[in-house]
Structures are given as structure tokens and as C-alpha cells.
1. Yes or no: region 394-417 includes at least one residue that is under 20 Å from D89 (Cα atoms), assigned by TED's automatic domain parsing to the domain that holds F351 and in contact (Cβ under 8 Å) with a residue 40 or more places away in the chain.
2. Scan region 443-452 and give yes if some residue there is free of Cβ contacts under 8 Å to residues at least 24 places away in the same chain and under 21 Å from the mean Cα position of the chain (by Cα), otherwise no.
3. Suppose we filter region 141-175 for residues that are within 12 Å of the chain's Cα centre (by Cα) and outside any strand (DSSP E or B); how many remain?
4. Name the residue, out of V83, V92, V66, that is touching a residue at least 24 places away in the same chain (Cβ under 8 Å), part of a helix (DSSP H, G or I), within 23 Å of the chain's Cα centre (by Cα) and surrounded by 12 or more Cβ atoms within 10 Å (Cβ to Cβ).
5. What are the pairs with Cβ atoms under 6 angstrom where one residue, in region 129-157, is in the same structural domain as L177 (by TED's automatic domain parsing) and the other, located anywhere, is among the aromatic types (F, W, Y)? Sequence gap at least six, or different chains.
6. Is at least one residue of region 25-40 under 18 Å from I363 (Cα atoms), part of a helix (DSSP H, G or I) and either in the same structural domain as G359 (by TED's automatic domain parsing) or hydrophobic (A, V, I, L, M, F, W, C) (or both)?
7. Could you give every pair whose Cβ atoms fall below 9 Å, whose first residue belongs to region 338-356 and is charged (D, E, K, R), and whose second residue is assigned to a helix (DSSP H, G or I), counting only separations of at least 6 or pairs across chains?
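The values are calculated or read from the model by the stated rules, or taken from the named source; none is laboratory data. All of these numbers come straight from a predicted model, not from anything done at the bench. Quick reminder, even Gly has a Cβ in these numbers, built from the backbone with ideal geometry, and neighbours come from all protein chains shown.
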Amino acid sequence: MKSRKAQIQAKCHKIPAIRFEDQRLTSFSGLLIFQALFMRMNMKQRLKKCFSHYKISPIFGRHLVVLLLIVHLLLGFRRLREVDYYRDDPLVLRLLGLRKLPDVSTISRALSQMEREGVEKLRELSRSLIIEGLKRERLPRLTLDFDGSVLTTKSHAEGTAVGFNKSKKGGRSYYPLFCTVAQTSQFFDLLHRPGNVHDSNGAPEFMMRCFKKAREELNGTIFESRIDSAFFSKKTMVIFDTNNVKFTASVPFERFLDLKDKIEQRKRWRVIDREWSYFETNWKPKSWDTTYRFIFTRRKTRKQYKGPLQLHLFEPRDFNFDYKVIVTNKTESTKAVVLFHNGRGSQEGIFGDAKDDSGLNVIPTRRLAGNQVFTICAMMAHNLSREIQMLSASCRLRAQPKRPAAWTFKTLDTLRHRIIQRAGRLTKPQGELTLTMSANQAVRKDLLHFLDIVKKTA
């Protein structure tokens, strides 16, 4: 007797019964590529050295906690309590070299017990990993961009303060200053700061350290940088010149009467395109020792301003333009310099990816050092997702004016969906450890490609 159509449909769409068994199943088979990368970098031993100054080592060493946090963020988790959702994952345990994961309270306590020396050593390790990748790639030029980003906390945390916070007005926050590499879309270094400081607070000294560390390891590389008007100062310009850095900087020209006069008195502007026009001159502020190239640009606005423009600077006849001034020591064409400077907007994309995908904006504890460690872990997770892609593909050698990334990067979230979050089973047929996965051709191709590349470059 043939089944009716309704019965057939019911059998096809029937919800199966659920049974929970310990079969050494993993939800993150693709984590294998990062296990290979960690082995290549000797990550565990190098993390161990960061915390070797502790006289008493707990059962779960601080280096293992930090490694767990990096893996935690790579997997897409943000809160510490979410460790419970993969506590029995055999591949995660094998990557960490543990029989069981520490409790959430143990992880939280380890973060709370972090101190400054451990933070600085971890920060140095993060920077060293970037330098090693740059040495391998032998890029002819590097563009280091500097900017701050607000990290908001929902509760009171040590070292936070109420400052400018666009997303949460009146909220306490940190305001670290980041140095990023435009060509690799990675974080090079950071300066931890409370949320109520000015953008330029500690910036000159931080820039000096970044250039010094990079130049010590990357001889023969051309260094460039571009900064916002908040960092514009005589001291910053001297640092660029001292370190032989080609730079562009936005100028807060409302502070200089001479620059205002130059704009007001200018009759002829050279055309770049339909919207932009410019002129340039060599000039130096009265208190400065060096003359620099100043590029004045204006852009047609789409609507008439109703009120005074830019601190009552111009007559109403000028209200149809937005004005910007750039100072530089570069010798390229004006158009190339302007494009280069405008390319600094890509740094916001790096911040956005790191906050969305690797938990850069998460503040897990009330202790300052613990939060600093977590922020560095988020940076490292982001950097590692770029590193694995840099190994697997060739860069675009030709430098473009805006200095975009030299690789076409996929976000960490995309890597998770395509490769990392794949079901598998760990078994030992005939004594050989084997990871069995579904025979999806796209996943197989990408996974084997990454593994092969990491092994070849080891």
C-alpha cells in the first residue's frame, strides 16, 4: 500500500530525537590551521616567557590563560563565561595542550592578577610577531598610521574615565592610541590611556618608540605616516624628521592667522577634479625651525551654510567650500599627496573589524592590567587572522597612492563561517590521530591550502 503524500512529507520533515554522547566531536575543525600557525610561531613557549617572572605558577599558567583568550576570540566568543560552550571540544583542548579548560572564575582571577610587567612583555611579543611577518614579506615601504579609539565599559573599571564618547555619552571608557600598518591591516602597537585624555596625550613619545622599534628591525624600508590635526605639533614634526619618515598631517589652520590670510587672499586655485581644487606654498610657523610644504585644498559643498563657517573665518561668498590644509615633507605631486593623506580613513576599517570580529571593545574585568591584557589578546587575534591570509596569498607589489592593504583580506568572521566552524570527529584508527570531516569540496580545498602553506613556510 502506497503512502499518501502527506505521510511522505511528514517522514521527510520529521524532527529527529536528540541524544548526547561523548564521541570526541569538535565544532571547530578549521581551528587546525591556527594550531599549525601557533606551532610555527612557537606561540606557547613565547607566551610562557612573558610571564616567567612570576615566582609562583598556578595550575593553569598565565600563558595558557592568555592563549585560551586568543583562541576564545578567534572562535568568535566575547564574554569569559562563554568558555563553557566549548569546554569539552577536543581540538581546542589539544591546541592548548590541556586535559580540561579552566573555570571561568579561574580565568577571571588570572586576569585580575595581571600586572604591568606582564602587560609590557605581552605587548612586546605582539609587536615582535608583526615585525617577523614584515621581515618575511620584505615590503619596500611601510605606512604607520596613528589614531585613538574609544573602548567603553558598562561599569566602573580601574583606569577608566568619562570623556568624549560618541556611542555612550557620559559613559566611562579607555581611549588607547593605536599604531596600525596600512599594508597589512594589522595592529603594530598601542598606548593605553584613560578615556578623558586629549588625542595627543603621550602621542609624540609613542610615535618615537614605534618608529625606533620598526627601524631597528627593518633596515632599508621607507617609512611613511599620516596623522589627524589633533596630533599636529612642532614636536611631532621633529620626530618625523628625526626618524626620516615621510608624512602628511592635517593642520588646524584656524590657529594660524597667516594661514587664514593665505586662504582669504588666494584668487586662483588649481583644479584637481570637479569638486576639488588646491594651491600650495612653503611656510613655517614663527616658533618653528623648519619650513614645510603646505597644501591648501577646498571642496565644493552641496548646500549653503546658514551660519558662520569655520570660526568666522570667511566671508559669505566663501560659504560654498570646505577648506582643508595638509602639511607634508613628501615630494610627490599634489594629487598623490592628497590621496595618500585621505587613505588614512582605512584605519577606521581596521578598528571596526577588530571590534566586530575579535572583541577589541570588550572590557572583561575591573582591573586595569587585566583589561590591557585582554585588549592585546584581541589585537593578536585580529593580527593572526591577517597573518594566516598573508602566508596563503601573494601581495600586490605595486604601491597605490592611498596605500590600501597589499592583500585582499577576508574578515575573521568570514574565515569562521567558511573554514573554522566545521564539524569533525577526532579518532585514533590504528593508533594514528585522525580528524574526520564532511567531504565538502570548498572547505577541503581551503583548509588543505592553508595547512600546506603554513607547513612550507615553517
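1. no
2. Looking for residues that are free of Cβ contacts under 8 Å to residues at least 24 places away in the same chain and under 21 Å from the mean Cα position of the chain (by Cα), one finds none in region 443-452, hence no.
3. Here the count works out to 1.
4. Just one listed residue meets the conditions, V66.
5. I130/F188; L142/F223; G148/Y175; S149/F351; V150/Y175; L151/Y174
6. no
7. So the pair list comes out as D353/H382; D353/S385; D353/L412; D353/D413; K355/A378; D356/L412; D356/D413.
One line per residue, one yes/no per condition, for (1) surrounded by fewer than 19 Cβ atoms within 10 Å (Cβ to Cβ); (2) among the charged types (D, E, K, R); (3) within 17 Å of R344 (Cβ to Cβ):
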{"residue": "L177", "(1), (2), (3)": "no, no, yes"}
{"residue": "T180", "(1), (2), (3)": "no, no, yes"}
{"residue": "F187", "(1), (2), (3)": "no, no, yes"}
{"residue": "G202", "(1), (2), (3)": "yes, no, no"}
{"residue": "C210", "(1), (2), (3)": "no, no, yes"}
{"residue": "A214", "(1), (2), (3)": "no, no, no"}
{"residue": "L218", "(1), (2), (3)": "yes, no, no"}
{"residue": "R226", "(1), (2), (3)": "no, yes, yes"}
{"residue": "F256", "(1), (2), (3)": "yes, no, no"}
